[in-house]
């Protein structure tokens, strides 16, 4: 693979162009990573609105019909609904794991299958989150299992 | 809901098959007969339906697996003994003072069966954990490369 980087103050925005014969599985994952890097989401904490990089997000969770963004640095509220987040970041490492949560797979440290068909994911910050039975097949497919 | 119904019928099929096999073994070894009375088959079916219903406790996502196991075990063992008393299984071929002995035997046999099943599931779970984490690491490496 040839990588060409053209750095100049003349450019206002980062532009990545990929030249390939066909998009294979590895390339798809690379593109998904780039999308994740480039994506941001706004979240409110207190009176302030923050722009959060998607790569910093651990997971999204719904509490009392409000959607929260969980990062290592803190918790933010978003106006987006969970299905909107799921659709918007479908081609990234974000994955719906239960009726109330979307998880960033890249932030999983390790997983433990529970004996009742669910999977417990331990995140990089030590937090534990459950992948419900209904979403376990989707999670496995995403990993290529 | 559809999955819960499927789970119920699958459990019923397994429980009924096991009960018929066990009945056949008991009838041929203890009573030295190679036929099973129709009334006993009907009673086994009732017990299988009840056990399959109890088995649905494993689908209750809000319960931890330890609680699911404990509730499942206690309810099943209680149902087996109660059915045995109601259908008069413990009076088969024995005097009434032997009832307690038969109850204890059925309790011990079921407990052993439950323990063995639990250990098999636990072993499978350990293997699955290793495989899943290997896939997860592969996924993360591909995302970062």
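Going by the conditions given, is residue A:56 surrounded by 11 or more Cβ atoms within 10 Å (Cβ to Cβ), within 26 Å of residue A:125 (Cβ to Cβ) and without any contact (Cβ under 8 Å) to a residue 60 or more places away in the chain? Taking the combined requirement at face value, the residue satisfies it.
One line per residue, one yes/no per condition, for (1) under 16 Å from residue B:19 (Cα atoms); (2) exposed (fewer than 14 other Cβ atoms within 10 Å of the Cβ):
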position: B:45; (1), (2): yes, no
position: B:66; (1), (2): no, yes
position: B:72; (1), (2): no, no
position: B:80; (1), (2): yes, no
position: B:86; (1), (2): no, yes
position: B:90; (1), (2): yes, no
position: B:124; (1), (2): no, yes
position: B:134; (1), (2): no, yes
position: B:143; (1), (2): no, no
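The number of residues in the stretch B:26-40 that are out of contact with any helix residue (DSSP H, G or I) (no Cβ under 7 Å at 6 or more places or on another chain) and at pLDDT 85 or above comes to 2. Might you let me know whether the stretch A:50-69 holds any residue that is under 21 Å from residue A:13 (Cα atoms), within 14 Å of chain B (Cβ to nearest Cβ) and modelled with pLDDT of 85 or more? Among the residues of the stretch A:50-69, at least one is under 21 Å from residue A:13 (Cα atoms), within 14 Å of chain B (Cβ to nearest Cβ) and modelled with pLDDT of 85 or more, which makes the answer yes. Within the stretch A:80-92, is there a residue that is over 16 Å from the mean Cα position of the chain (by Cα), farther than 21 Å from residue B:141 by Cα and exposed (fewer than 14 other Cβ atoms within 10 Å of the Cβ)? The answer is no, given that none of the residues of the stretch A:80-92 is over 16 Å from the mean Cα position of the chain (by Cα), farther than 21 Å from residue B:141 by Cα and exposed (fewer than 14 other Cβ atoms within 10 Å of the Cβ). Note on the stretch A:123-142: residues that are in a loop (DSSP other than H, G, I, E, B) and more than 11 Å from every other protein chain (Cβ to nearest Cβ) total 3. Based on this model, can you work out whether residue A:101 counts as over 16 Å from residue B:143 (Cα atoms), within 14 Å of chain B (Cβ to nearest Cβ) and out of contact with any helix residue (DSSP H, G or I) (no Cβ under 8 Å at 6 or more places or on another chain)? Considered against the rule, which asks whether it is over 16 Å from residue B:143 (Cα atoms), within 14 Å of chain B (Cβ to nearest Cβ) and out of contact with any helix residue (DSSP H, G or I) (no Cβ under 8 Å at 6 or more places or on another chain), residue A:101 comes out as no.
Please tell me if residue A:13 is more than 14 Å from chain B (Cβ to nearest Cβ), farther than 27 Å from residue B:139 by Cβ, under 21 Å from the mean Cα position of the chain (by Cα) and surrounded by fewer than 13 Cβ atoms within 10 Å (Cβ to Cβ). Here the answer is no, as residue A:13 does not meet what is asked.
The values are calculated or read from the model by the stated rules, or taken from the named source; none is laboratory data. Every value quoted in this text rests on a predicted model; they were computed, and no experiment measured them. Here the Cβ is made from the backbone with ideal geometry for all residues, glycine too, and neighbour counts use every protein chain on show.
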